[in-house]
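Enquirer: Right, I'll just put the structure down here and ask away after.
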Amino acid sequence: MKKAIWIPSLIILFFIGDRVGAWILQQLVAKSQFRYSRLYTGKAEADILLLGNSRGLIFYQPYIEELTGQKTCNLSYNSLPIDAGKVLVEDYLARYQAPKQLLIDVTMCDRNNPQLISGFSPYSSYSPALNQLIKSASKKSWMAGQLSHLYRFNGEVFQRALNYLGKSDKDWLIDRVISTNMQENATKEEVVELKTDSYLLADLQDLIKTAEAKGVAVELLVNPYYPPYAKRMESLTQFIQQVEDATGKTVNNYAFALQLTDGFGDYQHLNKKGSKKYLAQLAKDGILK
């Protein structure tokens with residue numbers, strides 16, 4: 001008899017503890033200045049919207065705002081795939097006045113990333129579309145989050161949100177110079193070969209249509225690579241052509257635009273110095289208005 005009472009009591013205590021603990025963590029997420037926290041709590045209004053994977057993080061927000069006098073919101077994240085980017089931008093457009101511009105580094109169309117998508121679970125309660133994407137990408141992870149709300153906070157994205165409690169994330173850009181060793185090995189290292197598929201390209205196409213229907217000027221870009229490394233990326237031309245064929249839009253190819261060695265942090269990412277040089281060029285070329 002005692003055992004029969006003890007077991008359901010333990011289950012009830014677990015359920016209550018799980019929900020209370022998850023509620024507390026959700027409050028921390030809501031108070032964070034992390035980009036997705038601001039997105040879903042009404043604090044991300046901007047004139048210029050930025051999107052990409054880690055290479056989209058080189059859209060250095062403080063300098064863009066200095067150049068243009070416009071407010072920015074960067075929805076980029078390390079290894080962010082276009083299907084997640086599409087949901088994030090559509091959620092933005094549903095919540096805010098349409099920005100004037102959307103800049104997309106299209107190299108985010110090179111992968112699926114279900115593991116990262118499931119990591120966005122702390123924000124699933126804000127967005128039915130994001131919740132559905134998580135379910136489609138990783139049903140086991142989604143189910144675990146339904147059973148235990150605390151499980152939703154078991155990931156890197158939540159840790160980033162905690163990191164930006166009380167401080168801005170607009171300065172999220174590497175500030176090192178590419179090492180001498182990396183420079184010397186640029187012609188030897190295995191390069192990233194950009195590959196895409198119809199699913200990823202369709203998501204990009206849908207995203208562009210949604211944004212342009214709201215009057216947003218969309219610019220597609222390939223941000224700079226370290227030139228000796230970029231020269232070995234045999235798939236780059238074909239990749240750009242596939243994106244242009246799918247979207248009907250020109251991809252502004254800046255892969256070789258920066259020859260400033262000390263403007264790179266590694267083969268694929270500019271540092272702050274390189275980003276400022278690159279953004280000034282985008283402004284000069286009329287891409288960044």
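The values are calculated or read from the model by the stated rules, or taken from the named source; none is laboratory data. Since the model is a prediction, treat every value here as computed from it, not as a measurement. As a convention, Cβ positions derive from the backbone with ideal geometry for all residues, glycine included, and neighbour counts pool all protein chains shown. Surface areas here come from the heavy atoms of the whole protein model, side chains and all, with no ligands, DNA or RNA. Shrake-Rupley method; radii C 1.70, N 1.55, O 1.52, S 1.80 Å.
Enquirer: Quick one: which of T210, T250 is open to solvent by 50 Å² or more (accessible area, probe 1.4 Å), more than 25 Å from V177 (Cα to Cα), at pLDDT 95 or above and of a type in the set (S, T, Y)?
Expert: Values: T210 fails: open to solvent by 50 Å² or more (accessible area, probe 1.4 Å).
So the residue among T210, T250 that is open to solvent by 50 Å² or more (accessible area, probe 1.4 Å), more than 25 Å from V177 (Cα to Cα), at pLDDT 95 or above and of a type in the set (S, T, Y) is T250.
Enquirer: Determine whether D262 is out of contact with any strand residue (DSSP E or B) (no Cβ under 8 Å at 6 or more places or on another chain), of a type in the set (D, E) and more than 27 Å from K195 (Cβ to Cβ).
Expert: yes
Enquirer: Any idea which of L102, L130 is open to solvent by less than 10 Å² (accessible area, probe 1.4 Å), without any contact (Cβ under 8 Å) to a residue 60 or more places away in the chain and within 17 Å of L39 (Cα to Cα)?
Expert: On the way: L102 fails: without any contact (Cβ under 8 Å) to a residue 60 or more places away in the chain.
Checking each option against the conditions leaves just L130.
Enquirer: Name the one entry in N78, N113 that is at negative phi, in contact with a Ser or Thr (Cβ under 9 Å, 6 or more places away or on another chain) and surrounded by fewer than 19 Cβ atoms within 10 Å (Cβ to Cβ).
Expert: Values: N113 fails: surrounded by fewer than 19 Cβ atoms within 10 Å (Cβ to Cβ).
Checking each option against the conditions leaves just N78.
Enquirer: Restricted to segment 43-61, and to residues that are touching a residue at least 12 places away in the same chain (Cβ under 8 Å) and assigned to a loop (DSSP other than H, G, I, E, B), which residue is surrounded by the fewest Cβ atoms within 10 Å (Cβ to Cβ)?
Expert: Initially, segment 43-61 is screened for residues touching a residue at least 12 places away in the same chain (Cβ under 8 Å), giving 44-61.
Then drop every residue that is not assigned to a loop (DSSP other than H, G, I, E, B), which leaves 44-47, 52-53, 59-60.
Details: A44: 20, E45: 13, A46: 21, D47: 18, G52: 24, N53: 25, F59: 27, Y60: 26.
Checked segment 43-61; the qualifying residue surrounded by the fewest Cβ atoms within 10 Å (Cβ to Cβ) is E45.
Enquirer: So for segment 258-270 (the condition being within 20 Å of the chain's Cα centre (by Cα) and acidic (D, E)), does at least one residue qualify?
Expert: yes
Enquirer: Hey, G155 hits all of (1) small (G, A, S); (2) farther than 23 Å from I208 by Cα; (3) surrounded by 21 or more Cβ atoms within 10 Å (Cβ to Cβ) but one; which does it fall short on?
Expert: Unmet condition: (3).
Enquirer: I've got another one for you. Provide a single number: the residues in segment 273-289 that are assigned to a helix (DSSP H, G or I) and farther than 21 Å from Y226 by Cβ.
Expert: Here is the first cut: in segment 273-289, the ones assigned to a helix (DSSP H, G or I) are 273-284.
Still in the running and farther than 21 Å from Y226 by Cβ: 283-284.
Residues meeting the conditions: 2.
Enquirer: Out of the residues in segment 168-184 that are in a loop (DSSP other than H, G, I, E, B) and among the β-branched types (V, I, T), which is least open to solvent (accessible area, probe 1.4 Å)?
Expert: Within segment 168-184, the subset in a loop (DSSP other than H, G, I, E, B) is 168-179.
Now narrow it down to the ones that are among the β-branched types (V, I, T): 174, 177-178.
Numbers: I174: 49, V177: 82, I178: 5 Å².
Here the answer is I178.
Enquirer: Answer yes if at least one residue in segment 182-189 is of a type in the set (G, A, S) and either in contact (Cβ under 8 Å) with a residue 40 or more places away in the chain or within 16 Å of G56 (Cβ to Cβ) (or both), and no otherwise. Before the answer, list the steps.
Expert: Our first condition is that a residue be of a type in the set (G, A, S); within segment 182-189, this holds for 186.
Within this subset, residues satisfying the condition of being either in contact (Cβ under 8 Å) with a residue 40 or more places away in the chain or within 16 Å of G56 (Cβ to Cβ) (or both) are 186.
Looking for residues that are of a type in the set (G, A, S) and either in contact (Cβ under 8 Å) with a residue 40 or more places away in the chain or within 16 Å of G56 (Cβ to Cβ) (or both), one finds at least one in segment 182-189, hence yes.
Enquirer: Let me ask something additional. Is at least one residue of segment 253-261 assigned to a helix (DSSP H, G or I) and under 26 Å from A98 (Cβ atoms)?
Expert: Filtering segment 253-261 down to residues assigned to a helix (DSSP H, G or I) leaves 261.
Of the ones still in play, those that are also under 26 Å from A98 (Cβ atoms) are none.
No, that holds for no residue.
Enquirer: Being farther than 30 Å from P224 by Cβ, open to solvent by 10 Å² or more (accessible area, probe 1.4 Å), at pLDDT 95 or above and touching a Ser or Thr at 6+ places or on another chain (Cβ under 9 Å) narrows it down to one residue among S118, S124, S141; which is it? It would help to see each step written out before you state the result.
Expert: Working: S124 fails: touching a Ser or Thr at 6+ places or on another chain (Cβ under 9 Å); S141 fails: at pLDDT 95 or above.
Answer to the check: S118.
Enquirer: On the basis of being acidic (D, E) and buried (at least 17 other Cβ atoms within 10 Å of the Cβ), does D203 make the cut?
Expert: Numbers: acidic (D, E): yes; buried (at least 17 other Cβ atoms within 10 Å of the Cβ): yes.
For D203, the condition - acidic (D, E) and buried (at least 17 other Cβ atoms within 10 Å of the Cβ) - is met.
Enquirer: Just to be sure I understand, how many residues within segment 92-113 are in a helix (DSSP H, G or I) and either over 14 Å from the mean Cα position of the chain (by Cα) or at pLDDT 95 or above (or both)? First the steps, then the outcome.
Expert: Quick first cut of segment 92-113, residues in a helix (DSSP H, G or I) only: 92-95, 106-110.
Restricting the remaining residues to those that are either over 14 Å from the mean Cα position of the chain (by Cα) or at pLDDT 95 or above (or both) gives 92-95, 106-109.
Looking only at that region, the number is 8.
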